[in-house]
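Student: Could you have a look at this structure, given as structure tokens, before my questions?
Read-outs throughout are calculated quantities, based only on the coordinates presented, and are distinct from any laboratory measurement. Source: prediction; values computed, not measured. Because the Cβ atoms are built from the backbone with ideal geometry, glycine has one as well, and the counts that use them run over all protein chains shown.
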């Protein structure tokens, strides 16, 4: 094995052993209304995970129109909407799930955490359970992840 191959192998191994984190090129474009503290908390959460984030404030009607144009249904919405690599990320989706979405690349519109559940990123500390939903192309959803981890899960 030559020196170049050793460097490539070392880099690949370090990526495999590193915690899941965004790649430097993962840019998330976020739209929210001004003065929303939990939206800013979620943006910081994404930035802390390595995403490059822009945030544009819109009037509520314009933000809602953006959500509908992305293919979300009213009961799938939250207070802010993000776009990353062709996917919509609605609400307080944990960064690790955004990273997983980008790694798996499912045939889908994107992810949503409907409403504003306590304990989700940007919403403070709580053990209140919530689901991250994968929004499929037909508008239906399926559970992508559940928080906190269900009892008896592999993570325990």
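Student: Would you pick out the residues in the stretch 117-139 that are in a loop (DSSP other than H, G, I, E, B) and closer than 15 Å to residue 87 by Cα?
Tutor: First, the residues of the stretch 117-139 that are in a loop (DSSP other than H, G, I, E, B): 117-129, 137-139.
Selection gives 137, 138, 139.
Student: Right, here's the next one. Filter the stretch 51-78 down to the residues that are part of a loop (DSSP other than H, G, I, E, B), touching a helix residue (DSSP H, G or I) at 6+ places or on another chain (Cβ under 8 Å) and under 22 Å from residue 134 (Cβ atoms) and list them by number. Quick ask: steps written out before the conclusion?
Tutor: Taking the stretch 51-78 first, the residues part of a loop (DSSP other than H, G, I, E, B) are 51, 58-59, 70-73, 77-78.
Next, from what is left, pick out any that are touching a helix residue (DSSP H, G or I) at 6+ places or on another chain (Cβ under 8 Å): 51, 58, 77.
Listed by number, the residues that qualify are 51, 77.
Student: What is the residue count in the stretch 79-97 for residues that are surrounded by 17 or more Cβ atoms within 10 Å (Cβ to Cβ) and either assigned to a helix (DSSP H, G or I) or in contact with a helix residue (DSSP H, G or I) (Cβ under 7 Å, 6 or more places away or on another chain) (or both)?
Tutor: 10
Student: Output the residues belonging to the stretch 47-57 that are in contact with a strand residue (DSSP E or B) (Cβ under 7 Å, 6 or more places away or on another chain) and more than 10 Å from residue 30 (Cα to Cα). Show your work before the answer.
Tutor: We begin by selecting, within the stretch 47-57, every residue in contact with a strand residue (DSSP E or B) (Cβ under 7 Å, 6 or more places away or on another chain); these are 47, 51-57.
Listed by number, the residues that qualify are 47, 51, 52.
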